[in-house]
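Taking it in order: structure first as structure tokens, then the write-up.
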Amino acid sequence: MHPVVSNTKLSPNVVRLVVEARRVAEIRRPGQFVIVRMAPGAERIPLTIADADREAGTIALVIQAVGRSTTELCALRPGDSVRDIAGPLGRPTELIASGRAVCVGGGVGTAVVHPIAQALHRAGVEVTSIIGGRSREWVIYERELAEHGEVIVCTDDGSYGRPGFVTEALRDVLAAGTIDAVYAVGPVPMMQAVVAMTRPLGVHTIVSLNPIMVDGTGMCGGCRVTVGGEPRYACVDGPEFDGHLVDFDELRDRLTTYRDFERAALERLDHDCKLGS
Ligand code: NAD
Ligand code: FES
């Protein structure tokens, strides 16, 4: 069992859950994730480790309530526990050792770029983070990223920071000087737009993919993606890949496969809650 230490609301449907997981906190590296299960037989939820505190033996998970299981996870409070946390899983981020990097975070994906920006900064790389949300209340991790370099905040509606998508700010940063690598995490259309911008410039671009995962060990095939024309499994070969080689159209198709089931499960949860209240 993994006791919940804190639950902090970051945006209307995103929380930061700090849970005890001493072994994971000790050995995790940037880019790695865990698979969480609330109870025996419950859905397995892959979540990137946004931060870890080795001394306290805790990890921070940033969760967007999109389906029944993530909504239940977001409702956990100190005193509650998570049944299983398996990990750390996946390959650590391929970090450049010097030069200048841009970390692009869209929405909840901003929490995933945080450990990458942190590790790059610690390695001596100059980091610029470009983060975006639909409006001010959806912007997360601005303060944490500011500890690792310049942060450019964008909002779709212009309510905070620079108006427009993160890719518009990226275009200006790429035009202003030499960038050695771009790390992008967020919605698929955002990552696709980032690689369309960096490909003609030949800027190495790493993206973190979020296909459906089941076992997290490379056995079930659920997280299959195509990279450079070859099948790859995000749980063991990724989740980060060379963005210029990813088949984003296929990823987008596969991500919509279970949308109707998710919607039905959320409606059942809503119904159960109303019966219980
Ligand atoms: P969102 O839809 O609110 O978008 C966040 C920001 O991304 C926008 O403010 C904008 O700046 C940018 N963006 C969105 N669409 C764009 C486009 N077409 N072109 C350029 N920029 C665009 O994001 P959300 O609701 O927080 O969702 C985040 C997404 O990130 C989810 O789809 C989630 O599955 C994904 N995610 C990915 C990972 C990963 O490891 N890859 C981890 C967590 C979340
Ligand atoms: Fe099953 Fe990756 S989650 S192969």
* Asked: Picking from ALA111, GLY238, THR8, whose Cα lies most toward the positive end of the charge dipole for the chain (charges on Cβ: Lys, Arg +1; Asp, Glu -1)?
  -> THR8
* To do: Amide H neighbours of VAL151 under 5 Å, at least 5 residues apart or on other chains, H built in the peptide plane: list them.
  => SER129
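Let a ≥ b ≥ c be the square roots of the eigenvalues of the Cα gyration tensor of the stretch 180-230; is it rounded (a/c under 1.5), or, if not, prolate (a/b larger than b/c) or oblate?
Details: a/c = 2.65, a/b = 2.15, b/c = 1.23.
Prolate.
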* Structure fact -> Computed on Cα atoms, Rg of the chain relative to 2.2 N^0.38 Å comes out at 0.98
* To the nearest Å, what is the center-to-center distance of the stretch 7-25 and the stretch 65-104, using C-alpha atoms only? -> 8 Å
* To do: Between beta-carbons, use under 12 Å as the cut-off and find the net charge around HIS114, counting Lys and Arg +1, Asp and Glu -1.
  => -2
* Structure fact -> The ³J(HN,Hα) series, computed from each phi in the stretch 58-69 with the Karplus coefficients 6.51, -1.76 and 1.60 at θ = phi - 60°, rounded to the nearest Hz and given as x for glycine or proline, is 10, 10, 10, 10, 9, 10, 9, 6, 10, x, 4, 5
* Asked: Any idea of the accessible area per residue across the chain, 1.4 Å probe, to the nearest Å²?
  -> 47 Å²
* What's the local net charge at VAL102, with K and R +1, D and E -1, over the other residues with C-beta under 12 Å away? -> -2
* To do: Classify the stretch 1-115 as rounded, prolate or oblate, taking a ≥ b ≥ c as the square roots of the eigenvalues of its Cα gyration tensor: rounded when a/c is under 1.5, otherwise prolate if a/b is larger than b/c and oblate if not.
  => prolate
* For helix 166-176, what angle does its Cα long axis make with the longest principal axis of the chain, in degrees from 0 to 90 and rounded to 10? -> 30 degrees
* Where the centroid of each part is defined by its Cα atoms, how far is the stretch 172-246 from the stretch 152-170 in Å? -> 22 Å
* To do: List the residues whose amide H sits under 5 Å from the amide H of ILE206, counting only those 5 or more places along or on another chain, with H placed 1.01 Å from N in the peptide plane.
  => VAL182, TYR183, ALA184, GLY243
* To do: Counting only C-alpha contacts under 8 Å and six or more residues apart, can you give the relative contact order of the chain as a whole percent?
  => 16 percent
* How much accessible surface does HIS114 have with a 1.4 Å probe, in Å² rounded to 10? -> 10 Å²
* So what's the net charge close to ASP51: Lys and Arg +1, Asp and Glu -1, counting the other residues with Cβ under 10 Å from its Cβ? -> 0
* Asked: Hey, rough spin-label estimate for GLU168 and ASP253, points 7 angstrom out along Cα→Cβ, what's it come to in nanometres?
  -> 3.3 nm
* Determine the share of the chain's accessible area contributed by carbon and sulfur atoms, expressed in whole percent, with a 1.4 angstrom probe. => 50 percent
* **Cα long-axis angle, helix 110-122 against the chain (0 to 90 degrees, to the nearest 10)** => 50 degrees
* **Karplus (6.51, -1.76, 1.60) ³J(HN,Hα), θ = phi - 60°, over the stretch 15-24, in Hz, Gly and Pro reported as x** => 10, 10, 9, 9, 10, 6, 7, 4, 5, 5
* Structure fact -> Helix 188-198: inclination vs the chain longest Cα principal axis, degrees, rounded to 10, gives 20 degrees
* Asked: How large is the charge dipole for the stretch 1-143, taken about the Cα centre, if only the Cβ atoms of Lys, Arg (+1) and Asp, Glu (-1) carry charge, to the nearest 20 debye?
  -> 100 debye
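The values are calculated or read from the model by the stated rules, or taken from the named source; none is laboratory data. Every value quoted in this text rests on a predicted model; they were computed, and no experiment measured them. Cβ coordinates were reconstructed from backbone atoms using ideal geometry, including for glycine residues, and neighbour counts include every protein chain displayed. Each accessible area value is taken on the protein alone, full model and side chains, heavy atoms only, with ligands, DNA and RNA left out. Shrake-Rupley method; radii C 1.70, N 1.55, O 1.52, S 1.80 Å.
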